[in-house]
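The structure under discussion appears below in the form of C-alpha cells.
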Amino acid sequence: MTPRTPEPDWGALLRRDAPPAPDPAGPANTLRLLRTLPPPRPTGWDFVRSQAGFIRKGMWAAQFVVLAAVLALVWTGGDPGSDLLYRYALCAGAAPLLLVANVQDLARVYHQGMLELELATRYSLAKITAARLLIFGVCDGVLLAVLAGAGAVACRQTLWVVLLYCLTPFCCVSALCLALLRRLRPAAFAKAALAVAAAALVVLTLPAGRIRRHLYGLDARPFWAAALILSVLALAWQARRLTRGGLRTTL
Amino acid sequence: MEELQLQHLTKCYKQFAAVNDLTLTLGEGVYGLLGANGAGKTTLMRMLCGILEPTRGTVRWGGTEIARLGEEYRALLGYLPQDFGCYPDFTGPEFLRYIAVLKGLTPAETRRRTAQLLAQVGLEEAGRKKLRAYSGGMRQRLGIAQAMLNDPRILILDEPTAGLDPRERVRFRNLIADYAKGRTVLLSTHIVSDVEAIADKILLMKAGRIVEEGTVAQMADTARGKVWTVHTDAATAARLEAVYTVANLRHTGAGDGVELRLITTDPPEGAVAVEPTLEDVYLWHFADEEGKS
C-alpha cells in the first residue's frame, strides 16, 4: 500500500502566495500597448456624412429650384381634391430623375491631380460617388417632403395624405434606381433609370378616370401606406448595400 | 514582415510596354527607384497602388493579390503622385482632414496626425492659408504629409523632393529615414543624392525593366573601372565632351585648365580611375541614351 501524500497546508500557501504589489509602471505599459493597437475605423455612415461638403453648391441650388418650380405648378394648376394628389404623385415619381441627371456630375473629380490620390485611398472613388449620390438623394426626398408639406398647409390639404402620395412613388423609383446603379455601368444606368421613372409615371397616369378616383380615394390609402413602408425598407436596404459595396464601376 | 511581391508585372499601351515583365520583391526598408523620363517608374508605382491594372502579371501583398485585398490593401497604403493636385479652396489642415476621411481615420486620430504631420513637414504656420496660395514646395510638403497620414505600411512617393529647397530636402530625408523602420518605402526621384542618402536598396529602371538593383555600395561596384578623371585644357575638354559621357566639368585654378570626370570603359590617355558614385552608375547605365561611349 502506497503511503498517503499529506495534504498541503493551503492556508500557509495562500498567505505566502499573496498577490504582488501593484506595478507602478503598469498603467504606463498599458497605455503604450494601447498606442500600438490600430485605431478604430469610423463606420460607413460617418464617411457618407463627410461627403456632404463635396457636392457643389450649384447642384444643391438647381435641385431646390427645379423641385420648387414643379411643385409650384402642382399647386397652381388644375382642380384641388384627388386630382391634386394625383399631380403630387406624378411629380414625386419623377423627382429621382434629378439624381439620375446628376450622377456624372457627382462622380466627377474637379481637379485632375486629386483623382490619383482618391483612387489610392482606402475608400475608393466608386464609394465616394455612392456616398455623394446617397446624400443628394436623401436631400432630394427631404426637400420634396418639405416643399409638398408646405404646399399642403398653404392649400389646406391634409399634410400626411400629401406626404403619403408624394413619398410612396419617390421611394419606389429611388429604390429601383439604386438597385440599377449597383448593377449597371453609368451610360446604361442613365437610360435604365429613365425607363424606370417613365414606367412609374405610366402606371400612375394610365388608369381611367374612375379607377384613378379610386386610386387616390380614401379606400386606397392603406395600400399606399403599405407600399410606402415596403419601398422605404427597400430603399434603406439598397442604400446600405451601396455604401458598403460602392458602385459596380468607377464613373 | 509581409512583402510586396511583383511577378511578371507588365503594362502595355498598345505595342509599347511601359513596364516589361518585372519580377521583384519589396520587403522592409527604403527602395530608391532611379530611371530616366519614360523609364516606367510612374506606371510601376501606379500599378503598386492599384490605380492601374497590369496587362499581365500580379502584385501580391502577404501572398494575396492586391486587387483581391482591395480596401484592406489601400488602408495600408500611402501614395504621393507625381502630379499632385488638390482642391485650391482648402487650407492645409482642411485638405488633410478630407484625405483622412477617405483613408478612414477617426476624428481623434485625424486631429493627432494632422497636427503632428504639419509640424513634421514645417507647415504648422500655414494654418489658414488656402492651397491656391501655397508655393510649389509647400504643396509638395503637404503631399508628403497626406501620404503619411494613415501611418501606412507601404509608402509610395513619386518624385517627393521635386520643388523642395535643400533644407526641406534634408528634413524630408530625415523624416523618411525615421519613418521607414518596419515599413516598405518606395521613392522615385531624379535627384540621385536624395536616394543615395536614405535608400537601403537602389532599383535602376530602364525601358520598363529593372536593369540593376542593390545597395549604394553594390551599385557603385558595378561602375568600378568605368569612372575616370582627366586634367586637360579647354580645347581638349570640348573635344572629349563630344565623345564621352561627362559626369562633371570643373575649371581648375587660373588659365584654361579643366578637370573632367568621364564615364567610359575606354578612357583617353592620362585619365585616372576614381571611386564611382551612384550618379556615375546612373550615367553609366543611361549613357547610350545620349549616344556616347
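Go through the stretch A:70-106 residue by residue and tally those that are under 30 Å from B:CYS86 (Cα atoms) and either modelled with pLDDT under 65 or of a type outside the set (Gly, Ala, Ser) (or both). Result for the stretch A:70-106: 8.
Return yes or no: is B:ARG209 at pLDDT below 90, surrounded by fewer than 19 Cβ atoms within 10 Å (Cβ to Cβ) and of a type in the set (Lys, Arg)? Against the criterion (at pLDDT below 90, surrounded by fewer than 19 Cβ atoms within 10 Å (Cβ to Cβ) and of a type in the set (Lys, Arg)), B:ARG209 does not qualify. Of all residues in the stretch B:278-288, one or more are loosely packed, with under 13 Cβ neighbours inside 10 Å and modelled with pLDDT under 85.
Candidates in the stretch B:108-131 are the residues that are at pLDDT 85 or above and part of a loop (DSSP other than H, G, I, E, B); of these, the one that is farthest from A:ILE128 (Cα to Cα) is B:GLY122.
Scanning the stretch B:94-140 for residues that are within 14 Å of another protein chain (Cβ to nearest Cβ) and of a type in the set (A, V, I, L, M) yields a count of 8. May I ask you to list the residues in the stretch B:1-21 that are aromatic (Phe, Trp, Tyr) and outside any strand (DSSP E or B)? Hits for the stretch B:1-21: nothing passes. Looking at the stretch A:6-17, which of its residues are modelled with pLDDT of 75 or more and in a loop (DSSP other than H, G, I, E, B)? Passing the criteria: A:PRO6, A:GLU7, A:PRO8, A:ASP9. In the stretch B:177-223, which residue that is of a type in the set (Ser, Thr, Tyr) and out of contact with any Ser or Thr (no Cβ under 6 Å at 6 or more places or on another chain) is nearest to B:GLY38 (Cα to Cα)? Top of the filtered list is B:SER188. Here B:THR91 passes the criteria (1) over 12 Å from A:ALA120 (Cβ atoms); (2) within 12 Å of chain A (Cβ to nearest Cβ) except the one numbered (2).
Screening B:ILE210 on (1) in contact with a Lys or Arg (Cβ under 6 Å, 6 or more places away or on another chain); (2) in contact (Cβ under 8 Å) with a residue 40 or more places away in the chain shows it passes everything except condition (1). Of all residues in the stretch B:99-134, exactly one satisfies the criterion of being exposed (fewer than 13 other Cβ atoms within 10 Å of the Cβ) and closer than 23 Å to B:ARG74 by Cβ, namely B:ALA108. Take B:GLY29 and tell me if it is buried (at least 16 other Cβ atoms within 10 Å of the Cβ) and modelled with pLDDT of 90 or more. In short, yes. Is there a residue in the stretch B:51-63 that is more than 30 Å from B:TYR282 (Cα to Cα) and either of a type outside the set (Ser, Thr, Tyr) or exposed (fewer than 15 other Cβ atoms within 10 Å of the Cβ) (or both)? Yes, the stretch B:51-63 contains a residue that is more than 30 Å from B:TYR282 (Cα to Cα) and either of a type outside the set (Ser, Thr, Tyr) or exposed (fewer than 15 other Cβ atoms within 10 Å of the Cβ) (or both). In the stretch B:74-87, the residues that are not assigned by TED's automatic domain parsing to the domain that holds B:ILE154 never reach a residue that is polar (S, T, N, Q) with C-beta atoms less than 9 angstrom apart, at least six apart or across chains.
Just so you know, in the stretch B:217-240 the residues that are closer than 25 Å to B:ARG173 by Cβ and surrounded by 19 or more Cβ atoms within 10 Å (Cβ to Cβ) include one that is modelled with the lowest pLDDT, and it is B:ALA223.
Of the numbered criteria (1) in the same structural domain as B:THR161 (by TED's automatic domain parsing); (2) charged (D, E, K, R); (3) touching a Ser or Thr at 6+ places or on another chain (Cβ under 6 Å), the one B:GLU259 fails is (1). Taking the conditions (1) touching a strand residue (DSSP E or B) at 6+ places or on another chain (Cβ under 6 Å); (2) without any contact (Cβ under 8 Å) to a residue 60 or more places away in the chain; (3) assigned by TED's automatic domain parsing to the domain that holds B:LEU26 in turn, B:ASP200 satisfies each one other than (2).
Here B:ALA254 fulfils each of the conditions (1) at pLDDT below 90; (2) at negative phi; (3) touching a strand residue (DSSP E or B) at 6+ places or on another chain (Cβ under 8 Å) apart from (3). Screening B:ALA147 with (1) more than 29 Å from A:ARG132 (Cβ to Cβ); (2) among the small types (Gly, Ala, Ser); (3) within 13 Å of another protein chain (Cβ to nearest Cβ) gives one miss only, at (1).
Please determine whether any residue of the stretch B:61-70 is within 14 Å of chain A (Cβ to nearest Cβ), without any contact (Cβ under 8 Å) to a residue 60 or more places away in the chain and acidic (Asp, Glu). No, the stretch B:61-70 contains no residue that is within 14 Å of chain A (Cβ to nearest Cβ), without any contact (Cβ under 8 Å) to a residue 60 or more places away in the chain and acidic (Asp, Glu). The sole residue among A:PRO38, A:PRO20 that is within 14 Å of chain B (Cβ to nearest Cβ), surrounded by fewer than 10 Cβ atoms within 10 Å (Cβ to Cβ) and either at pLDDT below 75 or assigned to a helix (DSSP H, G or I) (or both) is A:PRO38.
The values are calculated or read from the model by the stated rules, or taken from the named source; none is laboratory data. This is a predicted model, so every value here is computed, not measured. Reconstructed Cβ throughout: ideal geometry from the backbone, glycine too, with neighbour counts over all protein chains shown.
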